[in-house]
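Novice: Shown below is the structure under consideration.
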Amino acid sequence: MTAPTSNPLLQPWQTPFGLPPFAQIRPEHYGPAFQHAMQMHRAEADAIAQSSEPPTFDNTIAAFDRCGRDLGRIARLFFNLAASETSPALQAVEREISPRLAAHFSAIRLHAGLFARIDELFQRRDELRLTPEQLRLTERTHLDFVREGARLPAAARARYGAIVERLAELSTRFSQNVLADETGYRLVLRDERDLAGLPQDLRAAARAAAQERGEADVWIITLSRSLIVPFLTFSDRRDLREQAFAAWTRRGEHDGEHDNRPVAREILALRKEQARLHGYRHYADYALVDRMAGTPAAVAQLLEQVWEPAKARAAAEREALGAMALAHGAQHTIEPWDWRYYAEKVRKARYRMDDAALKPYFSLERMLAAAFDTAQRLFGLRFIERPDIGAYHTDVRVFEVRGRDGGTVGLFLSDNYARPHKRGGAWMSAYRWQSRADGETLPVIVNNNNFAKGPAGEPTLLSADDVRTLFHEFGHGLHGLLSQVTYERLSGTQVLRDFVELPSQLFEHWAFEPAVLKRHALHHATGQPIPEELIDRLKAARRFNQGFETVEYTACALVDMALHALPDVDGVDITAFERAELERIGMPREIVLRHRLPHFGHLFASSAYAAGYYVYMWAEVLDADGYEAFVEAGDPFDSEVAERIRRYVYSSGGTLLPAEAYRAFRGRDPVVGPLLAQRGLADVRQAA
Ligand SMILES: [Zn+2]
């Protein structure tokens, strides 16, 4: 065991921006460092609780915000690396440390002496002459404790701790079961007949998947989204599509050791018990209290406005697919494994859209420059590369971010390529949050993507979807970088779950603004700007297949809310529940849930999105309506609108209630019209 004194995780990090000294840190440093940092955190919490002074905002609320700094920086480093650049050694640490951390944080929130002081201040908060941010921090801290069981009687607190621990175990098992099904399945393609219809880049990816599994001379499709979705889109082999689709949609749903049905059943029962202990009828009521939406009824009202128009639009889309199938001589009806295949043919025929024609204009280098330039035009930020600052992998690029006045704002790490030891998907995270309570602390923010790196000596070319993802994560990144708050708990993206996608989804709007494309979408070889006609086609195809997309998403959100609003979940059969619920809402038979319950990680791999899958749609109401402010101003870079959105959304973190923040930016509450228009649902009788 490494002694704490020689452990680099426990030393002050004398590095630019307090970046971790990556090169010095070894996996065996984490265990002892976590142990030590948890003890320190506990001691700091005890000291606040045992103070002989009467509680004040400074000696209790602000002091609690400041404590556990070492634990915070070690945990952020560890979980960032566990996602971006893991190893068997780090994975072993993760299995060991995750339940211990969960138990540690639960014990802090159930600390009776600490909560007594916080509660006293909370009850007297209106007499304390707090600044608005201090008031918000008081309310936020109090709610964090209450939601983790601090107000429960002693006997119930013990039970609550046990529930939290068991939920952590079950969630890990749920996601490991899904992963086992995803990596365990392989559709082996042996010859040209099996490969019929597949484009070159998909063949290359399937070949790489085969090689990774030690199989030469074949191609393998796994159930990873990046392989299965393109396979269903392009494969001419209807029999293979049906076979792969069946395996994909039944992940987690089969007898044996990876069966998620009993796991989900137990999670639901524990959540119901959790909600009841708090005095709520069911988990949906409990979850929604800490969201912008506030109540399940508010969510239902939004989803209902979307659901019927989405179904109508999907029905029109299905007719177009049926006609396309007939034109190809197919005599069958459209089945779920046919939808993506014929939709792609309709898209090509109707809009002459082809990713291969677009990609040369979307080099990663130029699109990153486009994102930076957009941030400069909106918020005055400049991104200056700092090759002298090393990160955890040579592919990670490090940028110092400067503000309009030339002052340094923070550090931005850009980690864009897929690697074997990197988790899938795209995400934003922080190595350090911005705050001022302990002196000016600048944010260190990272964006992760999983783009396939171009061949040696050639640029990495992105699809339109990739470009959207790049801008999305960069929007989250700006939410972290532009943060201007005093207290760490309120910094950056630490806002309510149905508000956090506003800065990211809003930023997507600039990715395909003609003004941005004309300036930055330059052909990687010739430097020629993207042709006007391609921009027009991109725009025309924007609403294509939105009926399908909206139905497969919204149905998930409806099933999630219904499941978590069940007053009695004992012995619930999740597949029977799913079937009955889909029948009740009139799910089109050709469309399957984007995530079926036995593998719905958003709901069961953690509780973050339980009774919360709706949040993307909720935030889309805000981003669609919010972007209209720029449209109304007649300029996507209107400086006055940009300043308002910076001030009230990108910089304010959790210092404002979301509804107040939005109203301050927009001058009124959001309306749902722009979202319906954006998805082509405003008048579904128009051409699909
Ligand atoms: Zn996001």
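The values are calculated or read from the model by the stated rules, or taken from the named source; none is laboratory data. It should be emphasised that the depicted structure is a prediction, and the values quoted were computed from it without experimental measurement. FYI the Cβ positions are ideal-geometry reconstructions off the backbone, even for glycines, and counts take in every protein chain you see. Protein only, heavy atoms only, side chains kept; ligands, DNA and RNA dropped before computing areas. Shrake-Rupley method; radii C 1.70, N 1.55, O 1.52, S 1.80 Å.
Novice: Give the range 238-279 a look and list any residue that's more than 17 Å from Leu597 (Cα to Cα) and in contact with a strand residue (DSSP E or B) (Cβ under 9 Å, 6 or more places away or on another chain), or say none.
Specialist: Residues satisfying the conditions are Leu240, Gln243, Ala244.
Novice: Could I ask something else about it? Return the total of residues in the range 32-53 being in a loop (DSSP other than H, G, I, E, B) and open to solvent by less than 30 Å² (accessible area, probe 1.4 Å).
Specialist: Within the range 32-53, residues that are in a loop (DSSP other than H, G, I, E, B) and open to solvent by less than 30 Å² (accessible area, probe 1.4 Å) number 0.
Novice: A further question on this structure: When you scan the range 553-567, how many residues do you find that are open to solvent by 10 Å² or more (accessible area, probe 1.4 Å) and touching a residue at least 40 places away in the same chain (Cβ under 8 Å)?
Specialist: Qualifying residue count, the range 553-567: 6.
Novice: In addition: More than 16 Å from the ligand (Cβ to nearest atom), within 23 Å of Ala298 (Cβ to Cβ) and open to solvent by less than 30 Å² (accessible area, probe 1.4 Å): does that describe Ile591?
Specialist: Answer is no for this residue.
Novice: Which one is farthest from the chain's Cα centre (by Cα) among residues in the range 472-529 that are of a type in the set (Val, Ile, Thr) and closer than 23 Å to Leu135 by Cβ?
Specialist: Applying the filter and picking the extreme gives Thr486.
Novice: Of the residues that make up the range 643-661, is at least one open to solvent by 20 Å² or more (accessible area, probe 1.4 Å), at pLDDT 95 or above and aromatic (Phe, Trp, Tyr)?
Specialist: Yes: the range 643-661 contains one or more residues that are open to solvent by 20 Å² or more (accessible area, probe 1.4 Å), at pLDDT 95 or above and aromatic (Phe, Trp, Tyr).
Novice: Same structure again: If we only count strands (runs of 3 or more DSSP E) wholly inside the range 345-428, which ones have 1 or more residues that are at pLDDT below 95, more than 16 Å from the ligand (Cβ to nearest atom) and closer than 30 Å to Gln200 by Cα?
Specialist: So the answer is 408-417.
Novice: So which residues in the range 431-460 are among the hydrophobic types (A, V, I, L, M, F, W, C), in contact with a Lys or Arg (Cβ under 7 Å, 6 or more places away or on another chain) and crowded, with 22+ Cβ neighbours inside 10 Å, if there are any at all?
Specialist: Hit for the range 431-460 is Val444, nothing else.
Each row is one residue, and each column tells you yes or no for (1) outside any loop (DSSP other than H, G, I, E, B); (2) more than 30 Å from Ala63 (Cβ to Cβ); (3) within 15 Å of the ligand (Cβ to nearest atom).
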| position | (1), (2), (3) |
| --- | --- |
| Tyr431 | yes, no, no |
| Phe471 | yes, yes, yes |
| Gly475 | yes, yes, yes |
| Gln484 | no, no, no |
| Arg489 | yes, no, no |
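Novice: To continue, here is another question. Is it fair to say Gln528 is over 30 Å from Ala611 (Cα atoms), free of Cβ contacts under 8 Å to residues at least 60 places away in the same chain and open to solvent by 10 Å² or more (accessible area, probe 1.4 Å)?
Specialist: So Gln528 fits the description; yes.
Novice: Would you mention how many residues in the range 145-162 are assigned to a helix (DSSP H, G or I) and either hydroxyl-bearing (Ser, Thr, Tyr) or surrounded by fewer than 17 Cβ atoms within 10 Å (Cβ to Cβ) (or both)?
Specialist: 8
Novice: Which residue pairs have Cβ atoms closer than 8 Å, lie 6 or more positions apart in sequence or on different chains, and pair a first residue in the range 438-461 that is assigned to a loop (DSSP other than H, G, I, E, B) with a second residue that is open to solvent by 20 Å² or more (accessible area, probe 1.4 Å) and among the acidic types (Asp, Glu)?
Specialist: From the range 438-461, the pairs are Ala452/Asp201; Lys453/Asp395; Pro459/Glu365; Thr460/Glu365.
Novice: Can you tell me which residue among Phe57, Phe17, Phe22 is touching a strand residue (DSSP E or B) at 6+ places or on another chain (Cβ under 6 Å), open to solvent by 10 Å² or more (accessible area, probe 1.4 Å) and of a type outside the set (D, E, K, R)?
Specialist: Sole residue among the options that is touching a strand residue (DSSP E or B) at 6+ places or on another chain (Cβ under 6 Å), open to solvent by 10 Å² or more (accessible area, probe 1.4 Å) and of a type outside the set (D, E, K, R): Phe17.
Novice: Among Arg100, Arg124, Arg129, which is at positive phi, open to solvent by 40 Å² or more (accessible area, probe 1.4 Å) and not hydrophobic (A, V, I, L, M, F, W, C)?
Specialist: The match here is Arg129.
Novice: Which residue out of Arg519, Arg537, Arg542 is away from the ligand (no atom under 14 Å from the Cβ), assigned to a helix (DSSP H, G or I), open to solvent by less than 50 Å² (accessible area, probe 1.4 Å) and of a type outside the set (Ser, Thr, Tyr)?
Specialist: The unique qualifying residue is Arg537.
Novice: It is to be established whether one or more residues within the range 295-304 are open to solvent by less than 40 Å² (accessible area, probe 1.4 Å), out of contact with any His (no Cβ under 6 Å at 6 or more places or on another chain), more than 19 Å from Leu582 (Cα to Cα) and not aliphatic (A, V, I, L, M).
Specialist: no
Novice: Now for a different question. How about the range 491-516: which of its residues are within 16 Å of the ligand (Cβ to nearest atom) and open to solvent by less than 10 Å² (accessible area, probe 1.4 Å)?
Specialist: Gly492, Asp498, Phe499, Leu502, Pro503, Ser504, Leu506, Phe507, Trp510, Ala511
Novice: With the condition kept exactly as written, say whether any residue in the range 155-170 is under 30 Å from Arg596 (Cβ atoms) and touching a Lys or Arg at 6+ places or on another chain (Cβ under 9 Å).
Specialist: So far as the range 155-170 goes, yes, one or more of its residues are under 30 Å from Arg596 (Cβ atoms) and touching a Lys or Arg at 6+ places or on another chain (Cβ under 9 Å).
Novice: Being open to solvent by 40 Å² or more (accessible area, probe 1.4 Å), out of contact with any strand residue (DSSP E or B) (no Cβ under 8 Å at 6 or more places or on another chain) and either hydroxyl-bearing (Ser, Thr, Tyr) or modelled with pLDDT of 90 or more (or both) is the requirement here; does Ser175 meet it?
Specialist: Yes.
Novice: Determine which single condition Arg291 fails, assuming it passes every other condition in (1) in a loop (DSSP other than H, G, I, E, B); (2) surrounded by fewer than 18 Cβ atoms within 10 Å (Cβ to Cβ).
Specialist: Here Arg291 meets the rest and fails (2).
Novice: A follow-up question, please. Filter the range 63-89 for residues that are assigned to a helix (DSSP H, G or I), touching a residue at least 40 places away in the same chain (Cβ under 8 Å) and more than 16 Å from Tyr431 (Cβ to Cβ) and give the result.
Specialist: Within the range 63-89, Phe64, Asp65, Arg66, Ala89 qualify.
Novice: Assess whether His29 counts as being of a type outside the set (Phe, Trp, Tyr), open to solvent by 20 Å² or more (accessible area, probe 1.4 Å) and either in contact with a Pro (Cβ under 8 Å, 6 or more places away or on another chain) or in a loop (DSSP other than H, G, I, E, B) (or both).
Specialist: No, not satisfied.
Novice: Kindly indicate whether Gly390 is free of Cβ contacts under 8 Å to residues at least 24 places away in the same chain, open to solvent by less than 60 Å² (accessible area, probe 1.4 Å) and more than 23 Å from Val467 (Cβ to Cβ). Step through it out loud before you land on a result.
Specialist: Numbers: free of Cβ contacts under 8 Å to residues at least 24 places away in the same chain: no; open to solvent by less than 60 Å² (accessible area, probe 1.4 Å): yes; more than 23 Å from Val467 (Cβ to Cβ): yes.
It is false that Gly390 is free of Cβ contacts under 8 Å to residues at least 24 places away in the same chain, open to solvent by less than 60 Å² (accessible area, probe 1.4 Å) and more than 23 Å from Val467 (Cβ to Cβ).
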